[in-house]
1. Hey, what angle do you get for helix 111-135 against the long axis of the chain, alpha-carbon based, 0 to 90 degrees rounded to 10?
2. Leaving out same-chain residues fewer than 8 places away, which lysines sit with a Cα under 21 Å from that of Lys91?
3. List the GluC sites (Glu not before Pro) in region 1-105 that DSSP assigns to loop (not H, G, I, E or B) and whose Cβ has at most 16 other Cβ atoms within 10 Å. Which are they?
4. Can you match Cα extents along the principal axes in Å to one of these, (i) 66, 31, 28; (ii) 56, 38, 31; (iii) 99, 32, 23, based on a calculation from the structure here?
5. Within a 10 angstrom radius of the beta carbon, how do Asp86, Asp57, Asp146 rank from fewest other beta carbons to most?
6. About its Cα centre, how strong a charge dipole does the chain have in debye, to the nearest 20, once Lys and Arg get +1 and Asp and Glu get -1 at the Cβ?
7. Give the residue from Asn110, Pro84, Leu72 lying farthest towards the positive end of the charge dipole for region 11-177; charges sit on Cβ (+1 for Lys and Arg, -1 for Asp and Glu) and the dipole is referred to the Cα centre.
8. Return the distance in nm (one decimal) between the two label points of a simple spin-label model at Val62 and Ile80, each offset 7 Å from Cα along Cα→Cβ.
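Nothing in this text is a laboratory measurement; each read-out follows from the coordinates by a stated rule. Just so it is clear, the structure is predicted and the values come from calculations on it, not from any experiment. Note that we place each Cβ from the backbone using ideal geometry, even for glycine, and neighbour counts take in every protein chain shown.
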Amino acid sequence: MKKELVKVTSLYERFVHWLMAISCLLLCYTGLGMMYKELNVLGVIFGGVGGLKTVHDITAVVFAVGLVLAILMWWKEAGIFVFPEDWEWIKAAGGYLWHLDHVPETGKYNPGQKAFFLTVALFGLLMIGTGFFMWFPSYLPANLMDWVYPLHVFGFMVIFAFFFVHLYLGTIGNPGSVSAMIGGYMEKPVLRMLHPKWYKEMEHEGKLITK
């Protein structure tokens, strides 16, 4: 029996998501290759450390564009916490840390997803800002430049760690949800389980598109 699917993301949303995801991964790869001498070997496929830097610089621009588009598109839905409903979800840890018969309902994005979005947005801006001054160090006093590289590394560590959390929750942690960012559709039972309030809102507003 064919399972009913519900459209949950647009082509544009998926484009921005993958633009950021792929550029972020490439930045992590090339950044690691330049950061540690022992990992310079990562630059072999790009023709050496110089190639790593070139790819890193170009990809940084792509990531910056993707981040701006993501913030403009998702800030209203994923960048603002709504109380008290989000607080109830936080207190229950979304049912991830202990079993719950009923997880508090939230809107399209739960507080965990909002926290991930805000982390990527804020630390992504930090990476862009510090990266800019790495390109143009003369624009910043020498005493402040001493902070640029440590902050850039710190931003990388945070985003890199959160990326794996996001990967887990988007696949193993929430089976069936990854299809939303691949084909744009999610199985109706999965959507009703993960986003019951959003499902009801779409149904009430007549925005439930199925196939």
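1. Roughly 20 degrees between the two axes.
2. Lys108, Lys114, Lys197
3. Glu4, Glu105
4. (ii)
5. Ascending Cβ contact count within 10 Å gives the list Asp146, Asp57, Asp86.
6. For the chain, the charge dipole is close to 480 debye.
7. Value computed over the given set: Leu72.
8. 3.3
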